[in-house]
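S.K.: Below you will find the structure I want to go over with you.
The values are calculated or read from the model by the stated rules, or taken from the named source; none is laboratory data. If you're wondering where the values come from, they're calculated on a predicted model, not measured in any experiment. Positions of Cβ are backbone-derived with ideal geometry, glycine not excepted, and every protein chain shown enters the neighbour counts. Heads up: the accessible areas ignore ligands, DNA and RNA and are worked out on the full protein's heavy atoms, side chains in. Shrake-Rupley method; radii C 1.70, N 1.55, O 1.52, S 1.80 Å.
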Amino acid sequence: MNAARRLLQGHRPGDGPLRVLSASGQLGYGIPEAAFARGMARKPHFIGADMGSIDPGPYYLGSGEMAAPEAMVRRDLTLVLRAALDAGIPLVIGSAGTAGARPQLESVTALLHEIAREQGWSFRLATIASDVPADLVVQARQQGRLAAIGPMPEPSDDDIRACSHIVGQCGTETFARAFETDPDVILAGRACDTAIFAALPELLGYPAGLALHMAKIIECTSLCCRPGGRDAMLAELDLKGFTLESMNPDSHATPASVAAHALYEQADPFLVDEPGGTLYLADARYEALDNHRTRVSGARFEPRAQPTLKIEGARRLGARAVLIAGIADPTLLQVLDSVLEAVTAKVRALVPGDWQPVPHVYGCGAVRPLPAAQRATHEAGLVLEFIAPDALLARTAAAVYKQNLLHHGYPGRVSTAGNLAFPFTPGELDANEAYGFVLYHVMAGAPLTDIFRVEAHAVGGRAAEGN
Amino acid sequence: MTQRDPVRLRELAHIVRSKNAGPTMLTLDVFFNDAAAYERAAGSAALASGAVAALYEVAPGAVQRYLLPQLHAIKFSMPRKLCAGTPGDGDLYGAQQHGPLLEVLL
């Protein structure tokens, strides 16, 4: 028998609270060790760790690369694995390798094998693959079963097929299937952040509303505390509510800080849509147990008739080169928009091909729109990106643009020796591939059990038990 | 009702933050210093959904406003002009879009 079955057979909700330890909101950026060790000393029933998100943008989903540095991913994985295996409790990791696409799930699975080999550990692993075939999405679009979340341009069938990866977010029902294989460790591809922490409590019979609300708060570890942080967070869940406690003694979960967290990265603070239904938080109550812990109750869950599937997809737009320079001439700053237009026209005539310049003028509205009166008059930072089908063309356009902008004559110019201040040479840099989101949609009527493939693996020397 | 001198929002609030809510939406949270500051803000025409839509140059009606009196907080959610990370987007996380709110007169 492995860790999952031991917990599922050994714990009854009436016996006492379920202790859930959230180790990391972003595995791979360095789990603070002291707080994590304090959490383990509290004998949690399982450990959960989120490893990804759509937040870092389309590059990671599109490219299949991990956002976190591999050396830190290895460090954090070793830390949580050692703790879970020593304690004999399940470890649940969601959104493998940032975006949870197949190459990222494979990279993290390979790391788990390597760590097990190095450390001489053996355990049973369940993986959940989250990739959605493009044909299923095209079919859903044609049948009107695809709805954008927020303002997304309507993708064509070709746009969908051009996605290098499309993933679906698996929910608690998929984790439940993975737990049937009796793993010690679950590694999911793209997963709902909440499902990592709510699946086991739901399987044990805790109310789904409480389990999901708890999960929603602790998946960010101590971010819901004052002062906020990245330290491990412990939740103690019972049939009436749950208690939140940061494992950093200086980071306090207060009713206000926890309630405020309901607003975080959430368009509607009272409703949270999950694959299996909606979580209602309007009646949630937050009470201080002392100055360090808060008790939460009152969330309600209403299941929907058919689970929905949230999908994400990104496609390559081209290669990107970036030109970085400063501008400090007051006359040029005033006419910069028209100068950039004129130089773009000049360079178009010189460099044929499908390249696109995208200006970011820091100090003049690069971060948010600025009225003319608030634009920089002393100096501005120029970051021009060039996107082209290949890196050579992007870099060529950037280099030619650089020289033409450097010497462009504009009305009223006094600085005839040059228009740009370069902080380094070369001023133009290769900047990876450019990707864009094509899909951020809800797909109705998706065949969830076909899409989310659960596989059991024996990791390390010992033969896998069970099955 | 007595006439009050207008006060900038930043003087009445201790947290004014912006963040993506998924790559297509932006959300702004304002936590006011106390109940009086919250009441003043919640009752002000300058923080009506339409006024905030105008401030952020999105379609009238595109801004959702949520009042959270227990937290002394007001939240606004609106569509992003560009999906996060699209070339031309200058704020991947949407974390620096709170500026215009700071100067609103209440």
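S.K.: From the helices alone, meaning DSSP H stretches of at least four residues, give me the mean residue ellipticity at 222 nm for the protein assembly as shown, per-run term -39500 (n - 2.57), in deg cm²/dmol to the nearest 500.
M.R.: Using -39500 (n - 2.57) per qualifying helix, the result is -8500 deg cm²/dmol.
S.K.: Here is a further query. Of A:Lys240/B:Lys75; A:Lys43/B:Lys19; A:Lys402/B:Lys19; A:Lys43/B:Lys75, which pairs sit farther than 31 Å apart, going by alpha carbon to alpha carbon?
M.R.: A:Lys43/B:Lys19; A:Lys402/B:Lys19; A:Lys43/B:Lys75
S.K.: Further question on the same structure: A:Lys240 to A:Thr278: FRET efficiency via 1/(1 + (r/R0)^6), r the Cβ-Cβ distance, R0 25 Å, to the nearest 0.05?
M.R.: Result of the calculation: an efficiency of 0.75.
S.K.: For a bin width of 10 Å, list the pair-distance distribution of region A:211-341 built from all Cα-Cα distances, rounded to whole %.
M.R.: 11, 31, 19, 12, 15, 11, 1
S.K.: In addition: So what's the convex hull volume per residue for the Cα atoms of region A:405-467, in Å³?
M.R.: Expressed per residue, the convex hull around the Cα atoms of region A:405-467 is 237 Å³.
S.K.: Less than 10 Å Cβ to Cβ from A:Met443, Lys/Arg counted +1 and Asp/Glu -1: what total charge do the surrounding residues give?
M.R.: Residues near A:Met443 contribute +3 overall.
S.K.: While we're here: Give, as a single signed number, the net charge of other residues whose beta carbon lies under 14 Å from the beta carbon of A:Gly16, with Lys and Arg counted +1 and Asp and Glu -1.
M.R.: Every neighbour counted, the sum reads +2.
S.K.: Mean Kyte-Doolittle of at least -1.0 and a Cα length of 20 Å or more along the axis: which whole DSSP H helices of chain A meet both?
M.R.: The answer, listed by residue number, is A:70-87, A:102-119, A:336-350, A:391-406.
S.K.: What's the local net charge at A:Val322, with K and R +1, D and E -1, over the other residues with C-beta under 14 Å away?
M.R.: Surrounding charge for A:Val322 is -1.
S.K.: Would you calculate the separation in nanometres between label points at A:His407 and B:Tyr93, each defined as 7 Å from the Cα along the Cα-to-beta-carbon direction?
M.R.: 4.3 nm
S.K.: What is the gain in length, in nm to one decimal, between B:Glu11 and B:Glu39 on full extension, counting 0.36 nm per residue of separation less the C-alpha to C-alpha distance?
M.R.: This chain segment gains 8.6 nm when fully extended.
S.K.: Please compute the Kirkwood hydrodynamic radius of region B:9-81 from all pairs of different C-alpha atoms, in Å with one decimal.
M.R.: Every distinct Cα pair counted, the radius reaches 12.3 Å.
S.K.: Indicate, rounded to the nearest 5 percent, the antiparallel portion of the DSSP beta bridges found entirely in the protein assembly as shown.
M.R.: 85 percent
S.K.: Let me ask you something else. Dividing the convex hull volume of the alpha carbon atoms of region A:13-119 by its residue count, what do you get in Å³ per residue?
M.R.: Per residue, the Cα convex hull of region A:13-119 comes to 106 Å³.
S.K.: Here is a follow-up. Of all the Cα-Cα pairs you can form in the protein assembly as shown, what percent are over 30 Å apart?
M.R.: Of the Cα pairs, 57 percent sit more than 30 Å apart.
S.K.: Now a separate question. Just need the relative contact order of region A:326-396 here, percent rounded to a whole number, with Cα pairs under 8 Å and 6+ apart.
M.R.: Computed value for region A:326-396: 42 percent relative contact order.
S.K.: Normalised by the number of residues in chain A, what is the relative contact order in percent for Cα pairs under 8 Å and 6+ residues apart?
M.R.: Computed value for chain A: 20 percent relative contact order.
S.K.: Moving on to the next point. What FRET efficiency would be calculated for the residue pair A:Arg75, A:Asp450, taking the C-beta separation as r and a Förster radius of 41 Å, to the nearest 0.05?
M.R.: Here the calculated transfer efficiency is 0.70.
S.K.: Would you please give the FRET efficiency between A:Asp158 and A:Asn291, computed as 1/(1 + (r/R0)^6) with r the Cβ-Cβ distance and R0 = 35 Å, to the nearest 0.05?
M.R.: 0.05
S.K.: Let me ask you something else. What whole-number value in Å² describes the accessible area per residue of the protein assembly as shown for a 1.4 Å probe?
M.R.: Solvent-accessible surface per residue comes out at 41 Å².
S.K.: Still on this structure, please answer the following. What share of Cα pairs, in percent, lie more than 26 angstrom apart in region A:317-437?
M.R.: Tail of the P(r) past 26 Å holds 18 percent of the pairs.
S.K.: Considering Cα pairs under 8 angstrom that are at least six residues apart, work out the relative contact order of region A:317-437 and quote it in whole percent.
M.R.: Normalised by residue count, the contact order of region A:317-437 is 47 percent.
S.K.: A further question on this structure: What does the buried accessible surface come to for A and B, summed over both chains, with the probe at 1.4 Å? Round to 100 Å².
M.R.: Answer for the A-B pair: about 2500 Å² buried.
S.K.: Applying the Karplus parametrisation 6.51 cos²θ - 1.76 cosθ + 1.60 with θ = phi - 60° to the phi angles of region A:329-335, what ³J(HN,Hα) value in whole Hz is obtained for each residue in order, glycine and proline being reported as x?
M.R.: 8, x, 5, 4, 4, 6, 10
S.K.: Something else now. Would you mind checking the radius of gyration and Dmax of region A:167-278 based on alpha-carbon positions, in Å?
M.R.: 14.2, 40
S.K.: Figure the gain on full extension for A:Asp390 and A:Ala349 (residue separation times 0.36 nm, minus the Cα-Cα span) and round it to one decimal in nm.
M.R.: 12.9 nm
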